[in-house]
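Data block below; observations after.
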Ligand code: 4AD
Ligand code: MG
């Protein structure tokens, strides 16, 4: 007989039909009631062992964490809170789990502890829910773009350029670190390396996907990106996934509109397709918040926050307008900000972004037209000679969730910027050449996938929304 997933069993009418279920034991009570989970849903199936239906030896091996193969009759459940239960006919242990040693006993564990057993934490309700939502969001990303005629472009993971300058990079090499080949100056001879040059893991697929936007019009890339910054925060990973759409013929305003539609679509998709998991996560987040001081609790619960994003227009304003608001704000006047806002042109810190989103506007905010000096070389220069057509989308509780811009499509302007910033013009030959042959106005942005998942799940540490987080000092698993 074929296995049926628990998710499916919970929707069929119980008529005493025989079914096969496989899954992991969450709890086993009174030598009779097995709570079984197979990950297809957050719900467990109750399997009831009748007297003498399972031999003594097997019964002892039904322990939390063990994996079971159960055949039984699906019947209406007399117990509250579950429509059906399984009357066990035959039971086989697929994998034992020593109750003395199994680290995941059925009790509340801290997220810190669970990070140390990341190979088992998927078997908790929280991580099951988070990873099902993560899956749904990845699927929704592709659906959103596919439905709009965008092409998914696979940009390289190993790259020979650090043109982006988005962050420190991880070197990729096959040279023997104990005795690397040296050139006549005693420097490591990269010509001897695998690619005959220095290579790194990519920090962003943007520059490469731009080449495809200038051929296929509307494109995106979605892949892992790597940054070797020493950022030990709840918002940064050394390895994270990024979605980067890039579109020919879009200006900065088209770009902002797409970003807003995209985020709304993803939130709505989660509401439509992950209701059960979101309800669990909503409750979980509320409990978590109880331990926080009143003024740090969010006004809305998780599901209400998602609805709020879908239903409200994002606030759009220029850097200069935001700068004025921040300079005149109470926390600035009372010197409550760690970084005071005094001179136009300063980079905004997350305390400023969160003030704008959480205190001032109380909704998602898109800031645009940033000072050129604090943004990347490829952003389109505005007529004022001071700002570039950059945009950041700021979310409550998260801060920056998206960064993007209209790109500089004018060869001379771009070249000047490359030179001013002391970037390797020679390495950027192909990027510059795009502006020589059939250049076009174009724009794009990058959405940090884990920051999206933080927002959609209500989790508070980015290390808990990716299966195996990579951060300074940690590459276990
Ligand atoms: O603002 P960033 O650095 O922009 C770029 O990389 C552009 N090339 C994107 C583009 O225009 N195509 O990064 C984009 C987003 C951020 O807004 C943030 O959500 C996320 O990526 N991000 C990180 N997420 C987790 N850990 C990190 N260390 C991150 N750094 C950026
Ligand atoms: Mg950014």
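We did not get these values from a lab; they are worked out from the coordinates using the rules stated. Keep in mind it's a predicted model, so treat the numbers as computed, not measured. All Cβ positions, even for glycine, are placed from backbone atoms using ideal geometry, and neighbour counts span all protein chains on display.
Quick notes on this structure:
- Bins of 10 Å, starting at 0 and running to the largest distance - Cα pair percent for the chain: 4, 16, 24, 22, 16, 11, 6, 1, 0
- Shape summary: the stretch 1-112 maps onto an equivalent ellipsoid whose semi-axes, from the alpha-carbon gyration tensor, are 22, 17, 13 Å in decreasing order.
- Compactness of the stretch 402-477 was expressed as the Cα radius of gyration divided by 2.2 N^0.38 Å, which yields 1.64.
- Cα gyration tensor category, rounded, prolate or oblate, for the stretch 321-376 with a/c compared to 1.5: oblate
- Annotation: peptides 242-253, 408-419, 177-188, 423-434, ranked by per-residue average of other Cβ atoms within 10 Å with the highest first, follow the order 242-253, 408-419, 423-434, 177-188.
- Gyration tensor verdict on the stretch 111-151 (Cα atoms; rounded if a/c is under 1.5, prolate if a/b is larger than b/c, oblate otherwise): prolate
- Estimated 222 nm signal from helices in the chain, with DSSP H stretches of n ≥ 4 weighted -39500 (n - 2.57), rounded to 500: -8500 deg cm²/dmol
- Computed over the stretch 229-353, the percent of Cα pairs more than 25 Å apart is 50.
- Of 319, 265, 339, the sequence from fewest to most neighbouring Cβ atoms within 10 angstrom is 339, 265, 319.
- Mean shadow area of the stretch 47-107, taken as a quarter of the surface of its Cα convex hull (nm²): 5.0
- Scattering from the stretch 174-235 was approximated by placing one identical point on each alpha carbon and applying the Debye formula without solvent; log10 I(q)/I(0) at 0.23 1/Å stands at -0.95.
- Listed peptides 256-264, 148-156 appear in the order 256-264, 148-156 once ranked by packing, highest mean of other Cβ atoms within 10 Å at the front.
- Rounded to whole Å, sorted largest first: equivalent-ellipsoid semi-axes of the stretch 61-211, Cα gyration tensor: 50, 26, 14
- Under the Debye formula (equal points on every Cα, no solvent term), log10 I(q)/I(0) of the stretch 153-261 at q = 0.10, 0.14 Å⁻¹: -0.40, -0.70
- Kirkwood Rh and Cα Rg combined as Rg over Rh, evaluated for the stretch 132-212: 1.16
- Convex hull of the stretch 274-324 built on C-alpha atoms - directionally averaged projected area, nm²: 5.2
- Per residue convex hull volume, Cα atoms of the stretch 319-477, in Å³: 168
- On Cα atoms only, tilt of 411-420 relative to the major axis of the chain in degrees: 90
- The Cα atoms of the stretch 216-287 cover 46, 36, 19 Å along the three principal axes, with the biggest extent listed first.
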